[in-house]
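Comments concern the structure below.
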Amino acid sequence: MSGTGWFYGGFLLCSAACMLLVDRRWRLAVFRTPRPALATIALCVVVLLLWDLAGIGWGIFLRGAGPWQTGWLLAHELPVEEVLFLAFLSHLTLVVDSAATRLLGEGGRRARVVELLPVAAALVLVPVLVVSSHWHGGGASLTYLVLDAAFLAPALVLAVLCGRGVGRSPGDPSTRATLAVLALLTAVFDSLLIHFGIIAYDWALTSGLRIGLAPLEDFAYIVLTAALAPVLLRRLGGARHPDGAPMEVQEGTRR
């Protein structure tokens, strides 16, 4: 294994360390409610790993041929770096959601910026979707979409059920803002991973729709984490304000 084999894993570890510093500075997730946050991250990683394994089993997901990974596999076509990525994604979701919730609660100009994030993301991503899909073409299969639906539908139902009584639902402004941020990051990050041969797909099993180089179906992962992770955190740790203080939440109340 050459020195480049540590590049992707090292990049993920550095990114995770930076996110932990942000979390620590503003006490957003792990440094606000450690046990519930870590449990939430672990649960999300388990669900996403099962999703990965199903995709590998269906022949959709492939390990890239680039020289940027260690080559250590947890299962067929499942590199060890994928666990680092999924943990980072889950923690990032909690940090962004907590920050969005806090800013929305403060009101003012920052809250308005947060509220406009979904619109800004749509204005960027929809044209890219149209152009990228036209350029790349290929694929007209529902296989990856069916796989997404098999995991995403139960997760959204669970998010709605768990959100009752803890002041959250998948349609909350903070969830929409979190999803917007994650979508923009996914469009860039997934495109880079594909470009450098870190991940690969059987494109014949995809719809052919892309944002940048990334298949549209990949964005279902962030829908799951944005909708489910904050609800799980509240459910496991008790409903709390973003500053860490307990709050009373009545059934059906949205904060």
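The values are calculated or read from the model by the stated rules, or taken from the named source; none is laboratory data. Remember, it's a predicted structure, so these values are computed and weren't measured experimentally. Glycine gets a Cβ as well: all are built from the backbone with ideal geometry, and neighbour counts include every protein chain shown.
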Worksheet item: How many residues, within segment 4-37, are within 16 Å of R234 (Cβ to Cβ) and either crowded, with 16+ Cβ neighbours inside 10 Å or in contact with a Pro (Cβ under 7 Å, 6 or more places away or on another chain) (or both)?
Response: 7
Practice prompt. Name every residue in segment 132-159 that is modelled with pLDDT under 95, loosely packed, with under 15 Cβ neighbours inside 10 Å and of a type outside the set (G, A, S), in order of residue number.
Written response: H134, W135
Discussion item. I need the full set of residues from segment 23-38 which are in contact (Cβ under 8 Å) with a residue 40 or more places away in the chain and in a loop (DSSP other than H, G, I, E, B), in order please.
Written reply: R27, L28, A29, V30, R32, T33
Worksheet item: Of the residues that make up segment 71-79, is at least one under 19 Å from D218 (Cα atoms) and not in a loop (DSSP other than H, G, I, E, B)?
Response: yes
Practice prompt. Quick one: which residue in L185, L179, L158, L152 is more than 19 Å from V231 (Cβ to Cβ) and of a type in the set (A, V, I, L, M, F, W, C)?
Written response: L185
Discussion item. Give all pairs with beta carbons closer than 7 Å in which a residue from segment 202-213 that is among the β-branched types (V, I, T) meets a residue that is part of a strand (DSSP E or B); count only pairs at least 6 apart in sequence or on separate chains.
Written reply: T206/P215
Worksheet item: Conditions: (1) closer than 19 Å to L62 by Cα; (2) in a helix (DSSP H, G or I). A200 meets all but one. Number of the miss?
Response: (2)
Worksheet item: Are any residues in segment 48-73 surrounded by fewer than 19 Cβ atoms within 10 Å (Cβ to Cβ) and over 17 Å from L12 (Cα atoms), and if so, which ones?
Response: L50, L53, A54, I56, G57, W58, G59, L62, A65
Worksheet item: What's the number of the condition R168 fails, among (1) in a helix (DSSP H, G or I); (2) of a type in the set (K, R); (3) within 22 Å of the chain's Cα centre (by Cα)?
Response: (1)
Worksheet item: Which one of these does W6 not meet: (1) in contact with a Ser or Thr (Cβ under 8 Å, 6 or more places away or on another chain); (2) modelled with pLDDT of 95 or more?
Response: (2)
Response to the item:
Note: among G105, G57, G71, G66, just one is over 20 Å from the mean Cα position of the chain (by Cα) and more than 28 Å from D148 (Cα to Cα), namely G105
